[in-house]
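A short write-up of the structure that comes next.
A short reminder: the numbers here are calculations on the coordinates, not readings from a lab. It should be emphasised that the depicted structure is a prediction, and the values quoted were computed from it without experimental measurement. When we count neighbours, we look across all protein chains shown, and the Cβ atoms used for this are built from the backbone with ideal geometry, even at glycine.
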Amino acid sequence: MTALATAPIADTSILGRWWSSIDRWLLAALLILLAVGAVLTLAASPAVASRLGLDSFHFVKRQLGLMPIALGLALTISLLSPRGVRRLGTLLFVVFLGLTFATLWMGVEIKGARRWLHLGGFSLQPSEFLKPCFAVAAAWMFAARQDNPTFPANLMAIALYVAVMAALLAQPDVGMAAVVTAIWAGQFFLAGLSLWWVASILLLGLGGAVAAYLVFPHVASRIDRFLDPGKGDSFQIDRAIEAFGQGGLLGRGPGEGVVKQVLPDAHTDFIFAVAAEEFGLLVCLGIVVLFAFIVLRGLVRALGQVDYFAMLAAAGLMVQFGVQAVINLGVNLHLLPTKGMTLPFVSYGGSSLLALALGIGMTLALTRRLPDAGRLR
Amino acid sequence: MTAPRTAGPTGGYAFKLVREGAGRRAIDVGRIRLGVTIGLFGIAFAVLAGRLVELTLFAEAEPRPTRVVAAKPEPGRAAIQDRNGLLLATNLTTASLYARPKAMLDVPGAAEKLARVLPEIDAASLTERLSGEKQFAWIKRHLTPRQQQEVNALGLPGIGLAPDHSRIYPQGALTAHVVGYVDPDSRGLAGIERSFDGALRRGEAAELSIDLRVQHALRDELLRSVERHQALAAAGLVMDIASGEILGMVSLPDFEPQRPGAAEREALFNRAALGVYEMGSTLKAFTTAMALELGATSLDHKFDARAPLQYARFSIRDDHPKNRWLSVSEVFVYSSNIGSARMAMDVGIARHRQFLGSLGLLEAVRLELLENGQPLVPRPWREINTLTIAFGHGLAITPVQLVAGYAALANGGIAVTPTLLKRTGPVEGRRVVSAETSVQMRRLMRAVVEQGTGKQAEAEGYLVGGKTGTAEKAGRGGYQRKALLSSFVGVFPADAPRFVILAVLDEPKGRKDTNGYATGGWTAAPAVARIVNRIAPVLGVMPTGRMPLDMLPPLIAPEAGAGGMFEEEPTRGPVHEIAAHGDQLATR
């Protein structure tokens, strides 16, 4: 093998090996994104907090307090080998699937859905964590066929998917279900699903979307409002569009924005609009490019993986990250109907932040260039 | 990044690894498709960037005005109307008072002021309720416009009025079981409110077959009978026999649909549609029609009623035994159990069952309510079941089923589907008996009122036909002699029937002026007569001076000495007989 010879630093300590094998570009992008998230939380959330009668820096304290923990979590996980990721992801998948089901009985009902568990002093949304773990568990199922051709990979992957969907739709959480579906369909596609099936699943997904429109009244109402803005309440999206126009090229300047004063979700789903108003087109383009860079870089690194499982898992994680970013940005820019989805690492939300750290940590681990990564066992 | 990786100093090893066979191919497929995925994401981000430029630099400079339609205007739950467009249920837009305690400046002061405007509020308990860690609390639902104005005039911060809807039932208890009721958030819980919940929400009004005038007369007269005879409960129906439309449906006791929570469970139960009962002799009409259709040759065909009918351990007897052969007419008019059982026996189990099935008596009716009773049909259906069902025991059906069956016998032989919705199109039906049989049934039913147990159903000026029924209710350990289900099914006008009317009384008590009798002929039949007298003018039925059916030769020769009216004795199922013979029910 030439791998050892080409490793840039012949340091054999754990950290040395880590530094030599980690994708430093991806790591750098993550750090920048966290910094952007911190700045934008500072910009957007005090207005919301004081409107809710909380201490102005309530959200800032919580989010900025969690950021080092999230970063530590991501870096620690990135030390793992692909096999370690597989074990961790699968174990956590089982745990969080159980917790997601538990929300149905023990969950706290917020706005008609049971998605949260109250544990001691803080609340947890297990389905956020379920997403990245699902990507890893499903990848294992698809990859298992490589080692054992008789393994019913497709069947197992479908079973996992059905279990997760059952939990998410019972809550109900249609948005999360859509992201999980995107991960699953993406991995199935990568795992060599025949094109005929690809077409069928696309049709099925379309059918699912139509069914969601017909079954869930809040989904129908949002899509109606998207297609015909004259109908009913389009307050948030109108204010958001206005914010982009007000921002222009350079923005009104930090702290000068007004849209955050009125948008209920300024610190979460519509934080990008706040950024646009205060910091302008150039910064926002930078954010879009940053997200594009992370997603594309991650996928390209996945492409370079020799290990089939690592490739599928990393791709699934990046598809999740990318879909979430694209949907949030698309909603802010009124390209998509309103859907409560956070902008990864930027929007306020503890569960979301830690879950994303878990996901990006596993991505970093999976995209390491390990000289002995040719085989898992 | 897509440059050949073999050239790079650090990235080359990956592709050089040799993997064999299928694994290699799978990885290759994965890589190609990953390339596609990367392309798609690239396009998506490019579109986002483009849109971002468009919105920031090229959007209209003027800020868009905020639309005032903050909440989408609720279409409101649609109305329910009777067949003539009278309102049975409608919506009232109201406002409900709420508090956001955190935004309130002075909770006790505000509570004090509110209590002055809304006397039913207690300031102290309201203060307590609003003092917790609450974000939101309702203070009072559905304020009147005056109260709304007064609350607004107080100008209290943290106190607000939210638009709300209240369901109103202008007819109150009159149509309670048909229309049903809703929960505080206007979700249908019973009756049409429940079965048409979706349509009503979408704003589609429901137009019922109910005629409020008929409904009122029916309920009023049933109430009178319940009071007169101290009955536990009652049910009544009026049906248009040509269309199957139900013009009146009453179940007593009933309730105020505005406050279903205040009602007893007994009162919420729809006896007319959901309750199933062993109806007793009224079922003999079906046996007789079947005999005319399938067995007996004419009304004069004779059946042996000389002695009680013995079947295995069971004994079927008449309470006023004639102890002779009886014609079809006599079996029906004298309400002979023995004769009815023999008629059914001649037809046979299979055809008996098939005939009752064709009348819709063996399956739940598909009335437009979720409260549709499932008939209790014997399984297995043995010969003894045929014998007892012939005179009305061993088969429990809903009053709606009974009325629908009579409609088919009286309207020329066509079974129509009962409905609670006003019919607009043509009515479809199946023929179940011949037109001749139908004519003969009309004559027989008229004879019951003219000469038999139903004399008190005679309504002055109108021709009523029908059949009485007095069934001992099945209770613990057999049939109970004193607990009767007394009924009368009337068809009118008897010469050219248009309507079926049913009155059922649950455990009516005898009175001095009924000679102590509590039978269908003494309790339910007079109710039907009064109902006919009240609804005939409303339904456009002219009083007849001449009585065409009366001109037909009498079906039964008057018996010497019988003179007046003879009394129907209650029918009971065979269980009682077993008990009377010292056997145990459990031995069956």
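Here the mean projected area of the convex hull built on the C-alpha positions of segment B:202-244 is 4.7 nm². Dividing the convex hull volume of the alpha-carbon atoms in segment B:239-361 by its residue count gives 158 Å³ per residue.
Protection proxy ranking, highest mean first, for peptides B:299-310, B:147-158: B:299-310, B:147-158, where packing is the per-residue count of other beta-carbon atoms within 10 Å, averaged. Its alpha carbons give segment A:217-372 an Rg and a Dmax of 17.7, 60 Å. Summing Cβ point charges (Lys, Arg +1; Asp, Glu -1) relative to the Cα centre of the protein assembly as shown gives a dipole of roughly 2580 debye.
Remark: for residue pairs A:Lys61/B:Lys140; A:Lys260/B:Lys113; B:Lys322/B:Lys455; B:Lys302/B:Lys512, the C-alpha separation exceeds 28 Å in A:Lys61/B:Lys140; A:Lys260/B:Lys113; B:Lys302/B:Lys512. Between B:Gln354 and A:Leu227, the distance separating the two model label sites (each 7 Å from Cα on the Cα→Cβ line) works out to 5.3 nm.
If you take the square roots of the eigenvalues of the alpha-carbon gyration tensor of segment B:339-486 and sort them as a ≥ b ≥ c, do you get rounded (a/c under 1.5), prolate (a/b over b/c) or oblate? Rounded, since a/c falls under 1.5.
Dimensions of segment A:17-366 from C-alpha coordinates, computed as largest minus smallest value along each principal axis and given longest first, are 61, 50, 42 Å. Around the amide H of B:Met279, modelled in the peptide plane, lie the amide H atoms of B:Ile397, all under 5 Å away and 5 or more residues distant in sequence or on another chain. Taking amide H as placed 1.01 Å from N in the peptide plane, B:Ala483 has its amide H under 5 Å from the amide H of B:Lys473, each at least 5 places away in sequence or on another chain. Counting only lysines at least 8 places from B:Lys102 when in the same chain, those with an alpha carbon closer than 16 Å to its own are B:Lys134. Principal axis extents of the Cα atoms in segment B:80-207, from largest to smallest and rounded to whole angstrom, are 53, 27, 22.
Annotation: lysines with alpha-carbon distance below 29 angstrom to B:Lys422 (same-chain offsets under eight excluded): B:Lys467.
Just to compare against my own numbers: the Cα pair-distance distribution for segment B:194-295, 5 Å bins, whole % per bin, please. With a bin width of 5 Å, the distribution comes to 2, 10, 13, 18, 21, 15, 9, 6, 4, 2, 0. Can you tell me what the convex hull of the Cα atoms of the protein assembly as shown projects to on average, as an area in nm²? The Cα convex hull of the protein assembly as shown, projected and averaged over all directions, gives 53.0 nm².
Stretching B:Glu133 away from B:Glu428 to a fully extended chain increases their span by 99.9 nm, per 0.36 nm per residue minus the current alpha-carbon distance.
Straight Cα distances below 20 angstrom link A:Lys131 to the lysines A:Lys339, with same-chain residues fewer than 8 positions distant left out. Of all the C-alpha pairs in chain B, what % are more than 40 Å from each other? Result: 45 percent of Cα pairs exceed 40 Å.
Charge tally around B:Leu114: other residues with Cβ under 11 Å, Lys/Arg +1 each, Asp/Glu -1 each, net -1. Full extension of the chain between A:Val162 and A:Val210 yields a length gain of 15.4 nm, computed as 0.36 nm times the residue separation minus the alpha carbon distance.
Using the empirical formula 2.2 N^0.38 Å as the baseline, the Cα radius of gyration of segment A:4-110 reaches a ratio of 1.50. Among residues other than B:Ile80 with Cβ under 9 Å from its Cβ, the summed charge is -3 (Lys and Arg +1, Asp and Glu -1).
Placing dummy labels 7 Å off each Cα toward the beta-carbon, the span from A:Val94 to B:Ala312 is 5.9 nm. Phi-derived couplings, Karplus 6.51 cos²θ - 1.76 cosθ + 1.60 at θ = phi - 60°, listed residue by residue for segment B:518-534: 10, 7, x, x, 8, 10, 7, 4, x, 4, 5, 4, 5, 5, 4, 4, 8 Hz, with x used for Gly and Pro.
So what's the gap between the Cα centers of segment A:166-229 and segment B:214-275, to the nearest angstrom? Rounded to whole Å, the Cα centres lie 49 Å apart. Spin-label pair B:Arg481-A:His58: with each label point 7 Å from Cα along the Cα-Cβ axis, the two points sit 7.7 nm from one another. As a ratio to 2.2 N^0.38 Å, the alpha-carbon radius of gyration computed for segment A:177-299 takes the value 1.36.
Principal-axis analysis of the Cα atoms of chain B puts helix B:107-117 at an angle of about 40° to the longest axis.
Sequentially through segment B:176-183, phi angles give Karplus couplings (6.51, -1.76, 1.60; θ = phi - 60°) of 3, 6, 6, 6, x, 7, 10, 8 Hz, Gly and Pro residues having no value and appearing as x.
With a 10 Å cut-off around each Cβ of A:280-292, the average count of Cβ atoms from other chains is 3. For B:Arg100 and B:Ala199, the FRET efficiency from 1/(1 + (r/R0)^6), where r spans their Cβ atoms and R0 equals 35 Å, is about 0.45. Distance from the C-alpha centroid of segment A:74-131 to that of segment B:303-378: 67 Å, rounded to the whole angstrom.
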